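Just below is one structure, and these are the notes that go with it.
The values are calculated or read from the model by the stated rules, or taken from the named source; none is laboratory data. This is a predicted model, so every value here is computed, not measured. Neighbour counts run over all protein chains shown; Cβ positions are idealised from the backbone, glycine included. The protein model used for the area step is the full one, side chains on, heavy atoms only, and it has no ligands, DNA or RNA in it. Shrake-Rupley method; radii C 1.70, N 1.55, O 1.52, S 1.80 Å.
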Protein chains: 4
Amino acid sequence: MDTLPFDGGRLSRCADDLIAGIRVLSERGWTPATSSNFSMRLDPGHVAITVSGRDKGRLERDDIMVVDLEGRPVATSLRSSAETLLHTQLYARYPEIGCVLHTHSLVQTVASRLFAGAGHVHLEGYELLKAFHGNHTHEMAVELPVLPNSQDMPVLAAQVDALLDRQSMWGYLIDGHGLYAWGRDLAEATRHLEAFEFLLACELELRKLR
Amino acid sequence: MDTLPFDGGRLSRCADDLIAGIRVLSERGWTPATSSNFSMRLDPGHVAITVSGRDKGRLERDDIMVVDLEGRPVATSLRSSAETLLHTQLYARYPEIGCVLHTHSLVQTVASRLFAGAGHVHLEGYELLKAFHGNHTHEMAVELPVLPNSQDMPVLAAQVDALLDRQSMWGYLIDGHGLYAWGRDLAEATRHLEAFEFLLACELELRKLR
Amino acid sequence: MDTLPFDGGRLSRCADDLIAGIRVLSERGWTPATSSNFSMRLDPGHVAITVSGRDKGRLERDDIMVVDLEGRPVATSLRSSAETLLHTQLYARYPEIGCVLHTHSLVQTVASRLFAGAGHVHLEGYELLKAFHGNHTHEMAVELPVLPNSQDMPVLAAQVDALLDRQSMWGYLIDGHGLYAWGRDLAEATRHLEAFEFLLACELELRKLR
Amino acid sequence: MDTLPFDGGRLSRCADDLIAGIRVLSERGWTPATSSNFSMRLDPGHVAITVSGRDKGRLERDDIMVVDLEGRPVATSLRSSAETLLHTQLYARYPEIGCVLHTHSLVQTVASRLFAGAGHVHLEGYELLKAFHGNHTHEMAVELPVLPNSQDMPVLAAQVDALLDRQSMWGYLIDGHGLYAWGRDLAEATRHLEAFEFLLACELELRKLR
């Protein structure tokens with residue numbers, strides 16, 4: 001164990017926290033059919049991430065593996081999600097990011113399809129906009145980007161990078177797919193994820209009602 | 001401890017009751033992204049209230065603090081919600097009020113946006129109107145006010161006071177924000193909160209269906 | 001205890017079964033704001049029924065009392081629901097009925113408002129129609145009556161009796177109020193209740209979608 | 001016991017796994033009013049299947065029985081669902097199938113009614129299409145068949161066989177009734193079931209919103 005290039009004790013603690021947090025999201029139905037993936041930074045060069053294809057409601061420690069910032073498995077023969085690059089590009093670009101959460105809720109998927117043509121969802125007039133780090137008032141707007149889906153991860157990652165060059169943001173949707181949200185730690189990433197989910201759900205309901 | 005200006009034992013019991021009641025509301029998704037705040041009267045001059053920014057599904061005793069009726073922290077360096085004044089104005093005005101609950105459910109937020117222009121939601125024809133203290137029949141109507149949102153709490157509090165001068169009521173909505181509901185104790189405040197949530201949900205569904 | 005006009009042991013067992021069954025319904029949100037009431041037959045002349053105004057998610061044995069078939073409390077100073085007569089009229093009329101369940105779900109209340117004008121909800125084309133005792137095929141229809149609401153229980157009970165004179169049925173809606181469903185025992189009454197809830201929810205969704 | 005034509009130990013393990021999996025589905029409300037049925041292959045010639053009419057949220061080992069591939073009870077006097085033939089025809093036709101799940105969710109029932117005229121639901125543009133075994137991209141479409149309902153199981157089974165002659169598939173809807181989904185084992189069948197449920201829910205929501 002002492003030859004691992006990361007701190008095994010820190011991995012254990014991260015895995016426990018991540019698994020407990022994911023279980024709550026899974027119980028809400030945001031990870032259907034073994035979809036979704038989740039990660040947490042271990043140290044400047046390593047990330048703990050869920051193994052591909054597991055049931056997110058029943059994760060155990062063995063379902064969390066380590067990758068480097070290029071997304072390569074470290075000290076394991078396990079395979080992480082095809083979308084690992086979408087996690088690691090955020091850790092590599094922003095040293096302060098500590099956690100990335102990707103879920104597939106009904107609301108996220110429906111909103112992504114509905115607003116894919118516009119390329120973003122406009123969120124304005126909600127007190128809960130204050131949930132995003134750096135916002136101190138409801139009197140502002142957030143544009144949540146919607147990217148076209150692709151099975152080509154470098155293409156998707158390049159689109160995300162182009163967005164990040166233009167604006168600071170705490171999440172994005174992929175069309176027909178789901179939401180990526182992140183934060184400085186698990187608690188903040190979860191708060192951002194819950195806020196996006198809630199605000200998207202409000203937008204969908206208001207569209208039905210107006 | 002014996003120098004506290006309030007009864008520490010009563011605070012412990014209130015905190016336990018409040019935390020248990022909040023957990024139920026949180027499990028229904030009414031407190032997304034660390035939003036919402038809750039309070040209970042300790043004695044004529046003191047109120048137990050949730051500390052700002054905590055995850056309402058996992059509160060512990062240290063997440064409940066004490067303020068006086070002007071909303072100033074008592075015997076603590078913790079900070080309560082920016083909206084503390086909206087709680088304490090009710091305790092100061094009505095000696096019989098024992099509990100104030102503020103939640104951010106999807107239904108409450110969507111209804112607040114939809115009816116902000118009208119300034120109120122008209123609730124009529126429901127048996128559950130009998131859930132409000134003082135009502136003994138479904139053959140009456142309740143007007144639930146919707147206030148414009150503001151980050152300026154004295155302004156919001158003055159609007160609430162103006163409403164209370166005109167009518168007796170057990171709750172109000174703030175646009176894009178959520179619901180305040182209250183009662184003589186935790187059980188009654190919870191019953192009023194559940195009744196408002198249910199009746200608002202009925203109104204939204206009927207609007208989609210008619 | 002030996003002077004009770006009913007079997008105390010049977011009451012204890014009924015209370016335990018009823019409380020466990022009600023808890024499940026309450027967790028689904030079908031008993032908001034201390035609404036709803038529930039009963040089970042003890043013997044030909046006595047019925048166990050929920051005490052008025054209690055939180056249906058936290059019932060204990062003391063929250064179940066006994067009434068006779070005219071709805072009068074037996075060996076207790078507790079008060080049962082104002083709607084007790086709607087329970088006892090069924091037990092008095094049909095010796096085979098063993099359980100009556102009355103809930104206030106969102107779907108039931110919305111459907112009752114929407115179909116009050118028509119006086120009934122037409123349910124046809126569903127496999128789940130087979131859940132009603134006596135039905136062996138989906139190729140039939142059920143008309144679920146919707147009665148006008150009233151605070152005058154003898155008036156409501158007379159309307160129910162008039163309906164029962166014309167047709168056999170396993171439930172009815174009251175406008176703005178909720179659903180009554182019954183069966184030969186708790187399991188069958190629960191199955192009927194779940195079937196009505198499900199079929200009403202289907203009808204509302206189809207109305208939004210067509 | 002040693003004269004059983006199947007492995008009793010395997011039956012016990014299958015029953016435990018099946019019951020645990022069904023409980024999760026039941027808690028989501030996908031098995032209302034004792035509806036739905038579930039099975040798992042024991043060996044090339046035997047299938048474990050739920051006994052007819054039981055509450056799917058509270059199954060115990062005695063609620064699981066064995067049938068042969070013609071659907072006849074084996075070493076039991078219990079009766080399986082009238083729809084047993086729809087399970088066994090799949091096991092008989094495809095040796096690799098290990099599990100068949102049939103549920104009655106609101107979404108499944110509503111979608112079946114809505115798309116019964118078209119005869120299928122067209123699912124396209126979703127990342128979650130990758131949840132179906134054999135699919136490796138979202139850039140494909142799945143046609144989920146909708147069959148007319150019938151109480152005549154040989155007729156229904158013949159319709160299913162005709163469909164299977166034309167296309168490979170992992171599930172179908174029956175009008176007004178619910179969904180059948182299957183897979184090589186319980187985990188895969190559950191993943192397919194969750195994916196169909198999710199995609200149907202997306203289609204219904206999008207139809208309301210567009």
Rough spin-label spacing in nm, given labels placed 7 Å along Cα→Cβ, for D:E96 and B:Y94: 6.6
statement: Heavy-atom accessible area of the protein assembly as shown with neighbours in place, 1.4 angstrom probe: carbon+sulfur share in percent works out to 50
Dipole moment magnitude, nearest 20 debye, the range C:41-155 about Cα centre, only Lys, Arg, Asp, Glu C-beta charged: 260
task: Go through the range B:97-121 and flag every residue whose accessible area shrinks by 40 Å² or more with all protein chains in place compared to the isolated chain (probe 1.4 Å).
output: B:L106, B:V110, B:R113, B:L114
query: What average count of beta carbons from other chains do you get within 10 Å of the Cβ of residues in D:138-145?
result: 1
statement: Helix C:8-27: inclination vs chain C longest Cα principal axis, degrees, rounded to 10, gives 30
- prompt: When DSSP assigns beta bridges and you keep just the ones with both residues in the range A:8-209, what percent turn out antiparallel, to the nearest 5?
  reply: 95
- prompt: Which order do peptides C:71-78, D:110-117 fall in by mean Cβ count within 10 Å, highest first?
  reply: D:110-117, C:71-78
message: I'd like the mean, over residues of D:124-137, of how many other protein chain beta carbons sit within 10 Å of each residue's own Cβ.
response: 4
- prompt: Relative to the longest principal axis of chain B, what angle (0 to 90°, nearest 10) does the C-alpha long axis of helix B:186-209 take?
  reply: 30
- prompt: Taking a label point 7 Å from Cα toward Cβ, how far is A:D62 from its twins in the other copies, in nm, shortest first?
  reply: 3.6, 3.6, 5.1
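Note the buried accessible area between C and D here, summed over both chains, with a 1.4 Å probe, in Å² to the nearest 100. List each step's numbers first, then the result.
Numbers: alone 10080 and 10060 Å², together 18280 Å².
Buried surface at the C/D interface: approximately 1900 Å².
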field: Dipole of chain B, positive direction: furthest Cα of B:A162, B:Y180, B:S36, with charges on the beta-carbon
entry: B:S36
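For peptide D:185-198, what's the mean number of Cβ atoms from other chains within 10 Å of each residue's Cβ?
Working: counts 0, 0, 4, 1, 0, 3, 6, 1, 2, 7, 4, 1, 4, 8.
Going residue by residue through D:185-198 and averaging, the value is 3.
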Relative contact order of the range D:1-100, pairs being alpha-carbon contacts under 8 Å that are 6 or more residues apart, as %: 25
Among B:G98, D:L90, B:A75 - extreme Cα towards positive end, dipole of the protein assembly as shown, charges at beta-carbon: D:L90
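Tell me, what is the FRET efficiency for C:S52 and C:V155 to the nearest 0.05, using R0 = 25 angstrom and their Cβ-Cβ distance as r?
Step by step, r from the Cβ atoms, then E = 0.80.
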field: Residue of chain A nearest the A-to-C rotation axis [by Cβ], rounded angstrom distance
entry: A:K208, 4
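Given Cβ point charges of +1 (Lys, Arg) and -1 (Asp, Glu) and nothing else, what value in debye, to the nearest 20, does the dipole of the protein assembly as shown about its Cα centre take? Present the calculation step by step, with values, prior to reporting the outcome.
Values: 80 positive and 112 negative charges, 112 e Å.
Using only the charged Cβ atoms, the result is roughly 540 debye.
Taking only protein heavy atoms and a 1.4 Å probe, what accessible area per residue, in Å², does the range D:74-210 have with all protein chains in place? Intermediate values should be presented prior to the final figure.
Values: 4820 Å² over 137 residues.
Per-residue accessible area for the range D:74-210 comes out at 35 Å².
How do the peptides A:127-138, A:166-177 rank, highest first, by the average count of neighbouring beta carbon atoms within 10 Å per residue?
So the order, starting with the most tightly packed, is A:166-177, A:127-138.
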message: Report, in listed order, any pair from C:K130/D:K208; B:K130/B:K208; A:K130/B:K56; A:K56/D:K130; B:K130/C:K56 with a Cα-Cα distance greater than 20 Å.
response: C:K130/D:K208; B:K130/B:K208
- prompt: C:T3 to C:T76: extension gain in nm, 0.36 nm per residue of separation minus the Cα-Cα distance?
  reply: 25.0 nm
query: If the chain between C:E143 and C:D16 were fully stretched, how many nm would it gain, using 0.36 nm times the residue separation less the Cα-Cα distance?
result: 42.4 nm
- prompt: Given +1 on the Cβ of Lys and Arg, -1 on the Cβ of Asp and Glu, and no further charges, what dipole in debye does the range D:8-209 carry about its Cα centre, rounded to the nearest 20?
  reply: 320
- prompt: How much accessible area does B:R93 have with a 1.4 Å probe, in Å² rounded to the nearest 10?
  reply: 80
